[in-house]
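J.: What follows is a structure written as structure tokens; I'll ask about it next.
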Amino acid sequence: MKPVQDIRTGNVDSILDELLTFFIEDLIEKKEVSEVGWRSVSDLRISKKDVDHLKDYKLIETDNESDKIRIDFKNSMSAKRNSVLKTKLMQADYFIDNKKIISEDEKRIENSIKILKDVSKMSADKSIMIVDLVAIGLWRMMDITGMSAESERIFTAGYSPKKWSILSHKSIQKLSIELTRKIQKINSFNDAILRMRKEGFFLDNINITNIDDSDFSKIKEIIDWDIIMNELDENDVVLLGLTWFMVYHLSVSNTLPLMTESSMDISDVIKSTVEDITGKNWDDLIENFKKNIKSLEEKNIYWASFFVTLPEAI
């Protein structure tokens with residue numbers, strides 16, 4: 001039997017690469033696995049001799065009712081030939097194994113786009129207030145990330161780790177309101193919740209928390225809240241609040257994609273929605289935010305970046 005490397009003047013890999021590319025393209029177009037990758041030999045300009053050799057080594061499959069062939073994606077021999085073929089076969093396996101999830105994610109992304117367009121429209125016609133979106137978003141940010149601080153400061157204030165965890169969490173709603181007031185007056189976190197629920201937003205049964213003034217003052221002192229408030233400007237507050245609200249709203253609506261690869265699409269939609277609502281460029285907002293976070297770090301308030309941060313979905 002003729003060595004497989006000799007097929008097509010030593011270029012068998014290019015044939016397999018071409019067939020594998022067609023295979024993956026068809027998978028991306030959501031064809032059934034039984035239908036993907038088939039191409040006519042005449043269109044591929046591969047000789048019958050080459051086809052026979054590829055068949056001998058079981059590197060391709062043939063269709064008995066036509067002159068179509070496709071790569072035999074189950075044969076591991078192709079993956080052993082070079083790293084490019086190995087990577088592409090892994091990609092094909094990934095699409096096949098996750099075909100159902102990918103399809104479901106596409107539906108989630110479609111629903112997410114519709115939901116965020118509705119948010120943008122409601123904001124534009126004033127049926128919802130940006131200040132409410134921001135307040136809820138900032139609460140979600142600190143609720144997810146948790147309140148970080150130096151251990152020595154916590155202990156010096158007389159708090160155990162457990163008590164700090166409980167009280168700092170209770171302080172989040174008041175902190176979010178204080179930060180939101182940098183952009184507009186708002187009476188309470190409960191006001192924002194009630195207005196948003198009135199407009200039909202499901203807010204995952206958020207419970208209103210209370211904390212006494214003494215503990216609240218201590219917590220603000222421990223995390224240097226006044227300095228953090230001073231360094232963050234209105235653009236930062238809106239950026240953080242809107243992005244976190246959108247991710248939260250999509251989460252409770254069960255429209256966030258499950259696969260990491262799909263998150264890029266959601267990220268782009270969120271960014272464009274922020275630009276639509278604010279009328280400002282996303283990159284400019286990000287650069288401004290990074291600058292102010294760096295300023296906090298230069299003041300040795302490094303813990304701020306742990307709970308004043310953008311969502312992972314961005």
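J.: Can you return the aspartates and glutamates within cross-link range of K163? Criterion is Cα-Cα under 15 Å, with same-chain partners fewer than 8 residues away left out.
T.: E150, E152, D212, D215
J.: Which FRET efficiency value, to the nearest 0.05, do you get for N190 and K99 by plugging their Cβ-Cβ distance into 1/(1 + (r/R0)^6) with R0 = 35 Å?
T.: Values: r = 45 Å, r/R0 = 1.29.
Taking R0 as 35 Å, the efficiency between N190 and K99 is 0.20.
J.: Working from the pairwise distances between different alpha carbons, so that the mean of 1/r is found and then inverted, what is the chain's Kirkwood radius in Å? Before the final figure, lay out the partial values.
T.: On the way: mean 1/r = 0.0426 Å⁻¹.
The Cα-based Kirkwood calculation yields 23.5 Å.
J.: What is the distance, in nm, between label points placed 7 Å from the Cα along the Cα-to-Cβ direction at S214 and at K117?
T.: Each label point is offset 7 Å from its Cα along the Cβ direction, giving 5.5 nm.
J.: Right, here's the next one. Write down Rg/Rh for the range 20-98, rounded to two decimals, with Rg from the C-alpha atoms and Rh from the Kirkwood relation over Cα pairs. Working shown, then result.
T.: Values: Rg = 12.3 Å, Rh = 13.0 Å.
Expressed as Rg/Rh, it is 0.95.
J.: Run the simple label-point estimate for S295 and A157 please: 7 Å along Cα→C-beta, distance reported in nm.
T.: About 2.3 nm, to one decimal.
J.: Could you give the length gained on full extension between S127 and K182, defined as 0.36 nm per residue of separation minus the Cα-Cα distance, in nm?
T.: Details: separation 55, 0.36 × 55 = 19.80 nm, distance 2.15 nm.
Once the chain is fully extended between S127 and K182, it gains 17.7 nm.
J.: Using a cut-off of 24 Å between alpha-carbon atoms, which lysines can reach K294, once sequence neighbours fewer than 8 places away in the same chain are excluded?
T.: Partners found: K182, K220, K271, K280.
J.: Straight-line reach from K68: which lysines fall under 20 Å, measuring Cα to Cα and dropping same-chain residues less than 8 apart?
T.: Straight-distance partners of K68: K30, K31, K48, K49, K55, K58.
J.: Moving on to the next point. Rank the residues H249, H53, H169 as a footprinting-exposure proxy: fewest other Cβ atoms within 10 Å of their Cβ go first. Don't jump to the answer; show the numbers that get you there.
T.: Numbers: H249 25, H53 21, H169 15.
So the residues, fewest neighbours to most, are H169, H53, H249.
J.: I would also like to ask the following. Could you tell me how many cubic angstrom of Cα convex hull volume the range 264-309 has per residue?
T.: Normalising the Cα hull of the range 264-309 by residue number yields 80 Å³.
J.: Continuing with this model, one more query. Once you have the Cα-Cα distance between E312 and E287, take 0.36 nm times their residue separation minus that, and quote the gain in nm to one decimal. List each step's numbers first, then the result.
T.: Numbers: separation 25, 0.36 × 25 = 9.00 nm, distance 1.73 nm.
Separation in residues times 0.36 nm, less the Cα-Cα distance, equals 7.3 nm.
J.: Suppose the chain between E106 and S66 were pulled fully straight at 0.36 nm per residue; how much longer would it get relative to their current alpha carbon spacing?
T.: Gain on stretching E106 to S66: 11.0 nm.
J.: Can you give the FRET efficiency for I144 and E18, using 1/(1 + (r/R0)^6), R0 = 51 Å, r = Cβ-Cβ distance, to the nearest 0.05?
T.: Details: r = 46 Å, r/R0 = 0.91.
Computed FRET efficiency for I144 and E18: 0.65.
J.: Take the alpha carbon atoms of the range 125-184, find their center, do the same for the range 237-292, and report the distance between the two centers in whole angstrom.
T.: Each part's Cα centre sits 19 Å from the other's.
Computed from the coordinates by the stated procedures, all read-outs in this text should not be read as laboratory data. Note that this is a predicted model, so its numbers are computed, not measured. Counting neighbours? That spans all protein chains shown, and the Cβs are built from the backbone with ideal geometry, glycine included.
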